[in-house]
1. Quick one: is Gly113 part of a loop (DSSP other than H, G, I, E, B) and either at positive phi or in contact with a strand residue (DSSP E or B) (Cβ under 7 Å, 6 or more places away or on another chain) (or both)?
2. Identify all residues within segment 2-42 that are within 19 Å of Leu123 (Cβ to Cβ) and touching an Asp or Glu at 6+ places or on another chain (Cβ under 7 Å); write none if there are none.
3. Note down all Cβ pairs under 9 Å where the first residue falls in segment 105-119 and is under 19 Å from Gln12 (Cβ atoms) and small (Gly, Ala, Ser), the second is surrounded by 10 or more Cβ atoms within 10 Å (Cβ to Cβ) and at pLDDT 80 or above, and they're at least six residues apart or on different chains.
4. For Val33, all conditions in the list (1) over 16 Å from Cys4 (Cα atoms); (2) touching a Leu at 6+ places or on another chain (Cβ under 9 Å); (3) at pLDDT 90 or above hold save one; what is the number of the exception?
Amino acid sequence: MAACHGRAFADQGRAWSVAEFTELLESPLVFAVGDTRAFALGRVIADEAELLTLACDPAHRRQGLGRACLAGFEGEAGARGAVTAFLEVAANNAPARTLYQAAGYSEVARRTGYYARGAVDALILRKAL
């Protein structure tokens, strides 16, 4: 996961480490869907799901893998009792924003200057599952 995440986010800041993924996955609330080409990592607490990250290796983009991982995240989140899903996305990440909009997510809040790289805003998106 860390290797795929590193390739996926190489131009967008610091990728997550093996230790960070290991620590997250030790929680029974956290789950992953996907494979070595693309994956989604999520967490369900009570009836809310959070997409922690979605990564697709650049060599495998434009093949529907991100869409499939997002659908897998939503399915697993629903199976775990979530009725709403949330995620954060950089305001300048047009491909991700397009993916999330096509999947039915809508903006509910904004964190101004959240991402250190160029003081980019984070958009908080929500979808009823």
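1. Criteria not met by Gly113.
2. Matches in segment 2-42: Ala8, Gly42.
3. Gly113/Val120; Gly113/Asp121; Gly113/Ala122; Gly118/Asn92; Ala119/Gly113
4. Failed condition: (1).
The values are calculated or read from the model by the stated rules, or taken from the named source; none is laboratory data. Since the structure is predicted, the reported quantities are computational estimates derived from the model, not experimental observations. With ideal geometry, Cβ positions are generated from the backbone for all residues, glycine too; neighbour counts draw on all protein chains shown.
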